[in-house]
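Enquirer: Please find one structure pasted underneath; my questions will follow.
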Amino acid sequence: MVRGLVAAAGLVAVVALPVRGDEKGDPAEAGKKLAGAYTLVSGEKDGKAEPAERIKGSTALFTEDTVTVTDKDKKQAYLATYKLDTSKKPWGITMTSKNAPDKGEVAHGLIEVSGDTVTLIYALPKGEQPAEFKTRNDQLMFTMKRLEKIK
């Protein structure tokens, strides 16, 4: 799942919304609030900043249960379904890749939402599930800004 994403300037991202991601609530309602388009503004892998040229121009489109990431050339870099765990702060996220060759791979992470900014951190295959917003080996983190909301 993630290998293809990273190779394509890939970035999984989650979203910005007008509610705080640390509020508890219904996962289905949270998915509706996440629906929208976002631009990736920064990234980190294995404790080091991702080069700006790998992130610039990449976008994420969220529906209530899917995320599609496109690279700067508008090519699909990642497609996954996702589920939110809104019972804790920050929210948990589980993403399941729908793209070959990583179809079916699962990534677990955290999402923090503040205004129109979202921070997502998740583990790559073989990586340890993150417990904080600081990457370690085999983890990726991205910050996104909302472009528009889907109604």
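Enquirer: For segment 16-151, what does the alpha-carbon gyration tensor say about shape, rounded, prolate or oblate, given a ≥ b ≥ c as the root eigenvalues, a/c under 1.5 as rounded, and a/b over b/c as prolate?
Expert: Rounded, because the longest to shortest axis ratio a/c is under 1.5.
Enquirer: When a/c is below 1.5 the answer is rounded, else prolate if a/b is larger than b/c, else oblate, so apply that to segment 23-65 with a ≥ b ≥ c taken from the square roots of the Cα gyration tensor eigenvalues.
Expert: Since a/c reaches 1.5 but b/c is at least a/b, the shape of segment 23-65 is classed as oblate.
Enquirer: Please compute the modelled spin-label separation between residue 132 and residue 39, points set 7 Å along Cα→Cβ, answer in nm with one decimal.
Expert: 3.1
Enquirer: So if each residue of separation counts as 0.36 nm, and I subtract the Cα-Cα distance between residue 106 and residue 49, what length gain in nm does that give?
Expert: Value of the extension gain: 18.2 nm.
Enquirer: When we measure straight from the Cα of residue 48, which lysines land under 28 angstrom away, once same-chain ones fewer than 8 places off are left out?
Expert: List returned: 56, 72, 74, 75, 83, 88, 89, 98, 103, 126, 134, 145.
Enquirer: Here's something else I'd like to know. Would you mind putting 33-46, 61-74 in packing order, based on average other-beta-carbon counts within 10 Å, highest first?
Expert: By packing density, highest mean first, the sequence is 33-46, 61-74.
Every read-out reported here was derived from the displayed coordinates using simple, explicitly stated rules and does not represent laboratory data. Nothing here was measured: the structure is a model prediction, and the numbers come from that model. All Cβ positions, even for glycine, are placed from backbone atoms using ideal geometry, and neighbour counts span all protein chains on display.
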